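One structure below.
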Amino acid sequence: MQMRNIVIGVTALGMVGVASSAFAETWRFGLEETEGSVQYGYAEEFKKMIEEKSNGDITVQLLPYGSWGSSYSALYDAIQNGSIQMGFGSGFLGGTVPESQLMSLNFVMPNDQLETAKILNSDAFLQSDPWQQAYRERDLVPLGALPEGYQVWTANQEIRTPEDMQGLQIRVMDNSLLRSTYQAYGAAPITIAYGELYSALQQGQAEGNIQPVFAHENMGFYEVQDYMIFADQSQFIANLIGNLDWYEGLSDEQRQMVGSTLDEMVQKGHDIQTQFNSERLDIIKEKSDINVIYLNDEERAKFRELAKPVRQTYVDMAGERGKQSLDILLEEIDKAGAGNQGS
Ligand code: 6CS
């Protein structure tokens, strides 16, 4: 552990004071979500661990949704230029790192959510050259991935088949791959900012929504939708990213501390999301009369079939490096015997 350099001085008032450590530093951690979210729960735990392990030399400052600007690109820009050291980047990150849209592919990740977390945080995938270079070329470094639970559809109508989705103005995050996916299902996807989504759903500008359960509750979206449909087509996965210069400037000891903390956070992150999603579903059922539908295997298979060609769309969008990352991911899923969703 780094030695703390505590300077004791005498203030103008003659009192003995303790100035901050010469090594004291603050890491700003930008979140795409508000308090009460999975990202916030994860970041609180990360903060606690880093501050303890560094004996207080490092303070982690949490910056929830909205505190860093009005659009997600403001958050990603801030991480790229180093004014924020680290943060989450999910569906909207596709404009900055096209390869990151890999996380949005439907029917690819293992059914087992903990297995998904382990594979995405494994050296074989996370430290692979194509995945690292995709971010490093853009002054970022991928530090890990946080699966936040299954993406659950909501609408004001029942959805069991692709026919039910025809022309539905379902809101997707700003990501070409998601637009292609939902077009393949027959929907008419539209993009709306997270913070404007509640009123867009309320006023009918958006007819459907896709979020993990905790977010439907946390943002109140369920209040303005009649049906909640579990198709298990994909998990919401956020990439944890750092500023490249900040990361390279860490001491060996700090980098090890970050590494060991992130390793521990794989299980903890899974526990947080499992707990949040299960508790919030109970709250939604308690507070509303929303109709909850679980698609059966036969119903899911139809969506799965339509999603298949979108893997090639990803490769077309993300290029050779994207293809290599997809291949590594599929190989690791195979090796773990985890099985792709729906297979
Ligand atoms: O749908 C969105 O835009 C946001 N939803 C969640 C659960 N996290 C961040 C993301 O950008």
Length added when fully stretched, Leu114-Gln61, from 0.36 nm per residue minus Cα-Cα: 16.3 nm
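Quote the charge dipole size of the stretch 259-343 about the Cα centre in Debye, to the nearest 20; the model charges only the Cβ of Lys and Arg (+1) and of Asp and Glu (-1).
240 debye
Taking 0.36 nm per intervening residue step and subtracting the Cα-Cα distance, what contour gain separates Ser278 from Asp226 on full extension?
16.8 nm
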Exposure of His270 as accessible area (Å², to 10), given a probe of 1.4 Å and all protein chains: 40 Å²
3J(HN,Hα) from dihedral phi, the stretch 248-256, Karplus parametrisation 6.51/-1.76/1.60, rounded to Hz, x for glycine, proline: 5, x, 5, 6, 4, 5, 5, 5, 5
³J(HN,Hα), Karplus 6.51/-1.76/1.60, whole Hz, each residue of the stretch 135-150, x for Gly, Pro: 8, 4, 4, 10, 6, 10, 9, x, 9, x, 9, 10, x, 10, x, 5
GNM result for the chain, Cα springs below 10 Å: residue of Gln256, Gln80, Gln101 fluctuating most strongly: Gln256
Rg/Rh ratio calculated on Cα atoms of the stretch 138-244 (Kirkwood radius): 1.00
List Lys335, Lys308, ordered by accessible area with a 1.4 Å probe, largest first: Lys335, Lys308
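Treating only the Cβ atoms of Lys and Arg (+1) and Asp and Glu (-1) as charged, compute the dipole magnitude of the chain about its Cα centre; round to the nearest 20 debye.
Numbers: 24 positive and 49 negative charges, 75 e Å.
Dipole magnitude for the chain comes out near 360 debye.
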Theoretical gain in end-to-end length, Ser73 to Lys308 [0.36 nm per residue, Cα-Cα removed]: 81.7 nm
Inter-label distance, nm, simple model (7 Å from Cα along the C-beta direction), Lys285/Glu298: 2.5 nm
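Given the chain, what percent of its DSSP beta bridges are antiparallel, to the nearest 5? All intermediate terms of the calculation are to be shown ahead of the outcome.
Details: 24 of 39 bridges.
Within the chain, antiparallel bridges account for around 60 percent of the total.
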Cα-derived Rg over Rh, computed across the stretch 39-164 with Rh taken as Kirkwood radius: 1.00
Nonlocal Lys pairs with alpha-carbon distance under 15 Å, the chain (8 or more apart, or different chains): 5
Principal-axis tilt of helix 310-335 within the chain, Cα atoms, nearest 10 degrees: 80 degrees
Mean-position separation - Cα centroids, the stretch 297-337 and the stretch 198-274, in angstrom: 21 Å
Nonlocal amide H pairs with Val172, under 5 Å, H built at 1.01 Å: Ile190, Thr191, Ile192
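How much net charge surrounds Glu115 when only other residues with a Cβ under 15 Å from its Cβ are counted (Lys, Arg +1; Asp, Glu -1)?
Working: positive: Lys118, Lys335; negative: Asp112, Asp232, Asp271, Glu331, Glu332, Asp334.
Spelling it out: positives minus negatives among the neighbours equals -4.
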For Leu140, residues with placed amide H under 5 Å, excluding near neighbours: Leu244
The stretch 42-86 - Kirkwood radius from inverse mean 1/r over Cα pairs (Å): 11.6 Å
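Report the GluC sites (Glu not before Pro) located in the stretch 155-210 that are in a DSSP loop and have at most 15 other Cβ atoms inside 10 Å of their Cβ, or state none.
Numbers: sites: Glu158, Glu163, Glu196, Glu207; in loops: Glu158, Glu207.
Those that pass, being in a loop and sparsely packed, are Glu158.
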Distance histogram in 20 Å bins (all Cα pairs of the chain, percent per bin): 30, 56, 12, 2
Estimated inter-spin distance, Glu25 and Gln132, nm [label 7 Å along Cα→Cβ]: 2.0 nm
Surface per residue (accessible, 1.4 Å probe) for the stretch 49-158, Å²: 31 Å²
For the chain, with +1 on Lys and Arg beta carbons and -1 on Asp and Glu, the positive-most of Gly66, His216, Ala24 along the dipole: Ala24
For Ser90, solvent-accessible area (1.4 Å; no DNA, RNA or ligand), Å²: 10 Å²
Gap separating the Cα centres of the stretch 94-112 and the stretch 131-186, nearest whole Å: 8 Å
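The values are calculated or read from the model by the stated rules, or taken from the named source; none is laboratory data. All values reported here derive from a predicted model rather than from experimental measurement. Positions of Cβ are backbone-derived with ideal geometry, glycine not excepted, and every protein chain shown enters the neighbour counts. Surface accessibility is based on the protein's heavy atoms, side chains included, excluding ligands, DNA and RNA. Shrake-Rupley method; radii C 1.70, N 1.55, O 1.52, S 1.80 Å.
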